[in-house]
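Nothing in this text is a laboratory measurement; each read-out follows from the coordinates by a stated rule. Please read these numbers as outputs of a predicted model, since none were measured by experiment. Cβ placement follows ideal geometry from the backbone for every residue including glycine, while neighbour counts extend to all protein chains displayed.
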Amino acid sequence: MSGMLTLPEAQAQLFALAPKMPGTHVETHLASGRYLAKDIAALRSQPSADLSAMDGYAISGAGPWKLIGESRAGAPFGAAVKDGQCIRISTGAQMPEGSDRVLIQENAELAANFVELAKGEVLPEPARHVRSAGFDFAIGQVILTSGTLMGPAQIALALAAGHHAILVHRIPRIAVIDSGDELVRLPAKVEAHQIPASNGMMINAMLRPLAGDAALIGPVPDNLDALAHGLDQASDCDIIITSGGASVGDHDLVQQALRNWGAELTFWKVAIKPGKPLMIATRQHDGRKTVILGLPGNPVSSFVTCFLFALPLIRAAMGNANPLPNAQNIIAAVDLPATGNRREFLRGISDGDTVRPAAIQDSSALMALAQANCLIDRPAGSPAIKAGDRVAVYNIDNGAIQPI
Ligand SMILES: Nc1nc2c(c(=O)[nH]1)N[C@H]1C(S)=C(S)[C@@H](COP(=O)(O)OP(=O)(O)OC[C@H]3O[C@@H](n4cnc5c(N)ncnc54)[C@H](O)[C@@H]3O)O[C@H]1N2
Ligand code: MOO
């Protein structure tokens, strides 16, 4: 494959460089999308006492039962219930001492301050409708392990376990640099020989739900001084993503600019289509390690390499142990041609059961990319396949942000 790494080889080399972000405390309710930097143990038990799971009566003995009080959620009865007695109890309220079961109100008759079983009902068995103390989690128990992605349920669990703040990995500082003489920042002010710089904003939109906004630098013209200046502006970043200038043309200067800047090239060129001229480099400077991803400038190549490299790198840096996106196998709606020596990621349109490739597969075609909702993964050297065969696809209709 003439100097090209395979995709798994290239991803493995990149992950070996992933700058693992240190832990930082955040308020638990703000931790959505962050990965835990250490295990969390419960500071309290849930429930902290035996609670009723239903509205009814906490009873003692065989009945009928004299109604002697009430336990509401947040306002326990505060005394013992003796044989032949009961109290009114609500869902989530503390069970009183002396009662181990709840008779739900639908199965009870209340008359003259006495409760009895409704016609045809039998005495509830012990522990019926009672949530015992600590059954969800007990004090000291590890409830969430390091590396867990915090979502709504995990936030609720950590709060319920008594944690106002939790330790998560810091978000990496990221800069995105557009490079190319033809690029213009303001889309309305474009001459015939120019194009709007759309890649940087696209990449930012892809990584934003993971890591917030990146610093957007450029567009930087195709000369080494301008590139050096652009890189200097990003020198406090953990990750720098460039787009454009990655290939072999006379004006493709990113690789040289990186060397001049003191970065060391890890690899250049991956056997994927689109995205072949991807380069990865690192720079150690002032005690800081920066990983640089040089994405190819064709917009679809930038998108695909951001999806396959930049987003997984960011997830890994933030503490995700499985940072790669997940594929699913679905049925090809049409025949697909054989592939060459590069693994192909076709822009696909899927209805969930079947998938067809977008009509235009050129790596500059933004219309086709915007119409696609998945990437069809066709391994290098695959024979042609028939409609009805299965293919692996990666969902991108959520902006390619989360592994699915
Ligand atoms: N002789 C060869 N030529 C090319 C090869 C090759 O192997 N031999 N590889 C091709 C492949 S594959 C790709 S992909 C491109 C990538 O080239 P670059 O990374 O150097 O990208 P540029 O030349 O700078 O730009 C390509 C294309 O994309 C547009 N572009 C660039 N940046 C942006 C941006 N920020 N926003 C929107 N559009 C952007 C640019 O105007 C060009 O049209 O090289 C092939 N050539
Ligand atoms: O690899 Mo390029 O990204 O085919 O267009």
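The table for this structure:
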{"item": "Qualifying strands (runs of 3 or more DSSP E) (wholly inside region 1-72; at least 1 residues being under 18 Å from the mean Cα position of the chain (by Cα) and over 30 Å from residue 270 (Cβ atoms))", "result": "23-27"}
{"item": "Filtered residues of region 227-256 (kept if more than 13 Å from ligand 1 (Cβ to nearest atom) and free of Cβ contacts under 8 Å to residues at least 40 places away in the same chain)", "result": "228, 229, 232"}
{"item": "When residues of region 281-319 are limited to those that are part of a strand (DSSP E or B) and surrounded by fewer than 21 Cβ atoms within 10 Å (Cβ to Cβ), the one nearest to ligand 2 (Cβ to nearest atom)", "result": "282"}
{"item": "Scope region 98-109; condition surrounded by fewer than 16 Cβ atoms within 10 Å (Cβ to Cβ) and either under 44 Å from the mean Cα position of the chain (by Cα) or closer than 24 Å to residue 74 by Cα (or both); matching residues", "result": "106"}
{"item": "Answer residue from region 241-280, given it is among the charged types (D, E, K, R) and in a strand (DSSP E or B) and is surrounded by the most Cβ atoms within 10 Å (Cβ to Cβ) among those", "result": "273"}
{"item": "Single residue of region 271-280 satisfying the filter (over 25 Å from the mean Cα position of the chain (by Cα) and near ligand 2 (Cβ under 9 Å from one of its atoms)) that is farthest from residue 326 (Cα to Cα)", "result": "277"}
{"item": "Count - residues of region 344-372 that are assigned to a loop (DSSP other than H, G, I, E, B), more than 19 Å from residue 203 (Cβ to Cβ) and of a type in the set (S, T, N, Q)", "result": "1"}
{"item": "Which numbered condition residue 349 misses (of (1) farther than 23 Å from residue 270 by Cβ; (2) within 16 Å of ligand 1 (Cβ to nearest atom))", "result": "(2)"}
{"item": "Those residues of region 77-89 which are touching a residue at least 24 places away in the same chain (Cβ under 8 Å) and surrounded by fewer than 19 Cβ atoms within 10 Å (Cβ to Cβ), in sequence order", "result": "84"}
{"item": "Sole exception among (1) in contact (Cβ under 8 Å) with a residue 60 or more places away in the chain; (2) out of contact with any Lys or Arg (no Cβ under 7 Å at 6 or more places or on another chain) for residue 192, by number", "result": "(1)"}
{"item": "When residues of region 125-174 are limited to those that are among the basic types (Lys, Arg) and more than 30 Å from residue 289 (Cα to Cα), the one surrounded by the fewest Cβ atoms within 10 Å (Cβ to Cβ)", "result": "128"}
{"item": "Qualifying residue in region 326-343 (condition: in a loop (DSSP other than H, G, I, E, B), among the hydrophobic types (A, V, I, L, M, F, W, C), touching a strand residue (DSSP E or B) at 6+ places or on another chain (Cβ under 7 Å) and within 16 Å of ligand 2 (Cβ to nearest atom))", "result": "no"}
{"item": "Filter pass, residue 354 being within 15 Å of ligand 2 (Cβ to nearest atom), surrounded by fewer than 21 Cβ atoms within 10 Å (Cβ to Cβ), more than 20 Å from residue 13 (Cα to Cα) and not charged (D, E, K, R)", "result": "no"}
{"item": "Hey, residue 218 touching a residue at least 24 places away in the same chain (Cβ under 8 Å) and in a strand (DSSP E or B) or not", "result": "yes"}
{"item": "Exclusive hit being of a type in the set (A, V, I, L, M) and in contact with a strand residue (DSSP E or B) (Cβ under 8 Å, 6 or more places away or on another chain), set 62, 80, 75", "result": "80"}
{"item": "In region 257-275, the residues that are in contact with a helix residue (DSSP H, G or I) (Cβ under 8 Å, 6 or more places away or on another chain) and within 16 Å of ligand 1 (Cβ to nearest atom)", "result": "257, 258, 265, 267, 268, 270, 271, 272, 274, 275"}
